[in-house]
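The block underneath contains the structure these notes are about, expressed in structure tokens.
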Amino acid sequence: MGHAEFKLRDHPKASPLSLDEYWMPFTPNRDFKSDPKIAVRAEGMFYWNDRGEKIIDASSGMFCVAAGHSRKEIAEAVHQQLLELDYVAPFLRAHPKSFEFASRIAELTPGDLNRIFFANSGSEAVDTAMKVALAYHNARGQAGRTMFVSRERAYHGVNFGGVALSGIISNRRKFGPGVPGVVHMRHTHLKENFFTWGEGAHGKELAEDLTRFINLYGAENIAACFVEPIAGSTGCIVPPQGYLKRLREICDQHGILLVFDEVITGFGRTGEPFAAQSFGVTPDLMTMAKALTNAAQPMGAVAVSERVHDTIVSAAPENAIELFHGYTCSAHPAACAAGLATLDIYKKEGLFERGKALAPYFQEAIMSLKDARNVTDIRGYGMFAAVDVASDGVPGRRGYVFQKKLFDNGLNLKTTGDSALLAPPLIAERAHIDTMRDILRRTLDEL
């Protein structure tokens with residue numbers, strides 16, 4: 001396949017980097033290595049490439065750097081923790097920061113979701129939530145509840161449980177049948193709601209898909225319904241008015257657990273700590289990752305309601321393990337230190353409140369692109385938005401070219417298919433939003 005290498009232009013004496021060995025995730029590797037997009041430094045709202053050019057980060061890395069890049073407070077906390085206690089096994093042992101961090105998270109979660117199970121990513125958090133749901137029903141004598149309900153266009157990570165829940169075809173098609181017993185409701189991206197900011201007026205009735213599956217398979221066989229409050233990776237699909245509340249009602253009526261995947265929407269993205277609070281719907285379990293540590297350390301978590309947690313724990317014999325699940329690096333000391341420092345920043349700088357205050361200006365700026373060339377839809381909520389570009393006949397091809405041109409023009413964001421996703425760090429100011437809008441408009445004209 002040939003050899004690819006890259007010379008860092010800001011380090012002229014450095015040896016060329018071989019690009020052959022690293023197999024990049026979710027990337028057209030051959031194209032990337034022929035035209036690399038390399039970041040060598042980051043601070044605040046910006047990346048710098050190897051030519052020293054500033055690139056504004058419009059997507060918080062990948063929806064995770066909510067407090068801005070390279071926060072010294074987090075780096076120092078991780079450094080000190082690694083010198084003090086680098087690792088202790090999370091099975092049968094613990095360290096103080098694991099309990100402190102869980103308590104701090106529980107201060108932010110809605111309702112009684114104050115039992116926290118730590119993982120290392122959003123993908124692991126989703127698979128953990130699936131196991132917790134199964135264990136809960138088993139503990140209450142309903143072990144027949146093994147099915148899961150998800151949605152088309154859903155993204156719940158890349159482990160086999162999350163892939164089974166996934167409603168994105170390319171994440172499924174080459175990996176076999178996967179975990180059985182997963183069915184998918186229809187997505188809620190409706191033409192009637194195009195160019196709507198916030199919850200659309202159309203589509204609440206799509207929540208009745210859950211009722212249809214109950215009538216088809218029997219509620220006694222369904223463990224949980226998994227949804228992203230805002231479908232994130234697929235393109236910021238905001239739920240219709242009343243949709244999430246209706247799902248909650250159906251789940252309550254039939255003893256089905258409702259699980260919110262808040263890996264993207266958690267930690268201020270919607271103006272509240274979690275989207276559950278923004279939409280006024282409390283799930284039974286909630287996954288989180290990304291902004292949990294400002295991406296300074298890999299980490300994920302599941303917030304579990306006391307009811308679910310206590311049912312599982314009380315069903316186990318005395319001195320027995322209650323949940324046979326966990327990871328080598330669950331509640332890793334460095335990750336907990338990063339998470340605590342991150343929560344301190346959110347609180348000290350009022351970043352959730354700052355994001356909420358900036359959201360109307362962000363909305364106005366992004367919606368102003370409605371008349372730009374090649375735009376087919378714009379939608380969003382809080383500090384999260386999607387701009388869809390017209391397909392050139394091959395789904396995703398124009399979106400891929402769009403993100404490359406944006407990077408060259410000084411703006412970083414993520415695209416999925418032909419949707420460009422914006423989720424700026426919550427430290428953003430109006431001038432940063434203006435820059436994003438202007439680069440987007442100019443690049444849309446170039447497509």
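Return the residue satisfying two criteria in turn: it lies in region 249-263 and is acidic (Asp, Glu) and closer than 23 Å to residue 138 by Cβ, and of such residues it is surrounded by the most Cβ atoms within 10 Å (Cβ to Cβ).
In this case the residue turns out to be 261.
Which of the residues that make up region 130-147 are among the basic types (Lys, Arg) and surrounded by fewer than 17 Cβ atoms within 10 Å (Cβ to Cβ)?
Matches in region 130-147: 131, 140.
So for region 23-39 (the condition being in contact with a strand residue (DSSP E or B) (Cβ under 9 Å, 6 or more places away or on another chain), buried (at least 16 other Cβ atoms within 10 Å of the Cβ) and more than 24 Å from residue 421 (Cα to Cα)), does at least one residue qualify?
no
Evaluate region 41-52: report whether one residue or more is surrounded by 16 or more Cβ atoms within 10 Å (Cβ to Cβ), acidic (Asp, Glu) and modelled with pLDDT of 95 or more.
no
Which of the residues spanning region 389-399 are part of a helix (DSSP H, G or I) and surrounded by 15 or more Cβ atoms within 10 Å (Cβ to Cβ)?
398, 399
For the structure I just gave you, tell me whether residue 337 is buried (at least 18 other Cβ atoms within 10 Å of the Cβ) and either on the phi < 0 side of the Ramachandran plot or not assigned by TED's automatic domain parsing to the domain that holds residue 232 (or both).
In short, yes.
Counting only residues that are over 18 Å from residue 336 (Cβ atoms) and not small (Gly, Ala, Ser), which one in region 59-79 is surrounded by the most Cβ atoms within 10 Å (Cβ to Cβ)?
For region 59-79, the residue satisfying everything is 65.
Counting only residues that are of a type outside the set (Asp, Glu) and not in a helix (DSSP H, G or I), how many does region 175-229 have?
Qualifying residue count for the region: 33.
Those residues that are closer than 11 Å to residue 302 by Cα and not in a helix (DSSP H, G or I), I need them from region 94-122; list them, please.
Passing the criteria: 109, 113, 114, 115, 116, 117, 118, 119, 120, 121.
Can you tell me how many residues in region 123-152 are assigned to a helix (DSSP H, G or I) and either of a type in the set (A, V, I, L, M, F, W, C) or at pLDDT below 95 (or both)?
Within region 123-152, residues that are assigned to a helix (DSSP H, G or I) and either of a type in the set (A, V, I, L, M, F, W, C) or at pLDDT below 95 (or both) number 9.
Conditions: (1) over 21 Å from the mean Cα position of the chain (by Cα); (2) not assigned by TED's automatic domain parsing to the domain that holds residue 101. Residue 359 meets all but one. Number of the miss?
Only one criterion in (1) over 21 Å from the mean Cα position of the chain (by Cα); (2) not assigned by TED's automatic domain parsing to the domain that holds residue 101 is unmet by residue 359, namely (1).
For the subset of region 272-330 comprising residues that are among the charged types (D, E, K, R) and farther than 19 Å from residue 228 by Cα, which member is surrounded by the fewest Cβ atoms within 10 Å (Cβ to Cβ)?
Step by step, filter region 272-330, then rank; the result is 318.
So is residue 423 surrounded by fewer than 19 Cβ atoms within 10 Å (Cβ to Cβ) and outside the structural domain of residue 278 (by TED's automatic domain parsing) or not?
Taking the combined requirement at face value, the residue does not satisfy it.
For region 205-248, enumerate the residues that are polar (S, T, N, Q) and either buried (at least 19 other Cβ atoms within 10 Å of the Cβ) or over 11 Å from residue 185 (Cβ atoms) (or both).
Scanning region 205-248 gives 215, 221, 233, 234, 241.
Quick test for you: out of 170, 150, pick the one residue that is among the polar types (S, T, N, Q), within 26 Å of residue 64 (Cβ to Cβ) and surrounded by fewer than 18 Cβ atoms within 10 Å (Cβ to Cβ).
170
The values are calculated or read from the model by the stated rules, or taken from the named source; none is laboratory data. The model shown is predicted, which means the values in this text are computed figures rather than measured ones. For neighbour counting, all protein chains shown are included, and Cβ atoms are generated from backbone atoms with ideal geometry for every residue, glycine included.
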